[in-house]
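Engineer: One structure is given below, represented as structure tokens, and several questions about it will come after.
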Amino acid sequence: MNTLVAEERKTIKKSDLKKFRSEGKIPAVVYGRTIDTEAILINNADLRNVIKGAGRNGIFPLILNGESKNVILRDYQNDPVTKAILHVDFLQVNKDTEIDTKVSVILKGTSNGEKVGGIAKQSLHELDLTAKANDLPDNIEIDITEFEIGHSVRVADIKKAYSNCTINHEDDETIVMIDYARVQTNEEEESEVEVSGV
């Protein structure tokens, strides 16, 4: 099982946090219903390996001062420019802990509709889910390979496949639709010519 080892963090000074990050460590906190919030440091490379093995919403042991806690990655902050992870929140859980979180929607394949000139319009890139920690999927995957132009997938259409989760969206919300590509009209073409000729 993937395990993450943490160490106590006793300072919140910006200069110290910058030093930690330069050493490949990430400031973090771990909290839960039965524990006080604890400030910790984790190794950047170790975190990435654990997420790769357990998944974005997976449960894994975090060891602090020789004590193991089962946690889930609750939230993290990225540098807007470098995308480096700046801070991480871990939530202590057990398999029956219910969690509200956002899960990415991933489209798999290229639809038949796209092959004849259509486009895949994805309206929802994330879904708000409530589920027990053990039942949370890493992502929602929709195979669109066989979809023709006009085919759409609504929230109601995926509920059976993810019956262990509560999807906190209206049933009729469209996730993805294979639509006709927008064709430029003659009036628009003429308008563009006039503008370019000014």
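Values in this text are rule-based calculations from the coordinates and carry no lab data. Here the structure is a predicted model, which is why all the values come from computation and not from measurement. FYI the Cβ positions are ideal-geometry reconstructions off the backbone, even for glycines, and counts take in every protein chain you see.
Engineer: How big is the range 100-179 in terms of Cα radius of gyration and Dmax, in angstroms?
Structural biologist: That works out to 13.0, 42 Å for Rg and Dmax.
Engineer: Also, quick follow-up: Where both partners of a DSSP beta bridge lie in the chain, what percent of those bridges are antiparallel, to the nearest 5?
Structural biologist: Antiparallel bridges make up about 75 percent of those DSSP assigns within the chain.
Engineer: Gaussian network model of the chain, Cα springs within a sub-10 Å range: biggest mean-square fluctuation belongs to which of Lys52, Lys69, Lys132?
Structural biologist: Among Lys52, Lys69, Lys132, the largest mean-square fluctuation in the Gaussian network model of the chain belongs to Lys52.
Engineer: Where does the charge balance sit around Ala131 when Lys and Arg score +1, Asp and Glu -1, over other residues with C-beta under 10 Å from its C-beta?
Structural biologist: Around Ala131, the charge tally is -2.
Engineer: Toward the positive end of the charge dipole of the chain, about the Cα centre and with charges on Cβ (Lys, Arg +1; Asp, Glu -1), which of Val50, Thr82, Ala6 goes farthest?
Structural biologist: Farthest towards the positive end: Ala6.
Engineer: Cross-link partners among aspartates and glutamates for Lys10, C-alpha distance below 14 Å, same-chain residues fewer than 8 apart left out?
Structural biologist: Glu38
Engineer: Working only with C-alpha atoms, what are the Rg and Dmax values of the chain, expressed in angstrom?
Structural biologist: 22.7, 74
Engineer: Across bins of 5 angstrom width beginning at 0, how are the C-alpha pair distances of the range 38-134 distributed, in whole percent?
Structural biologist: Percent of pairs per bin, in order: 2, 10, 17, 19, 17, 12, 8, 7, 4, 2, 1, 0.
Engineer: Okay, helix-only estimate at 222 nm for the chain: each DSSP H run of n ≥ 4 adds -39500 (n - 2.57), divide by all residues, round to 500 deg cm²/dmol; what do you get?
Structural biologist: Only helices count here, giving -5500 deg cm²/dmol.
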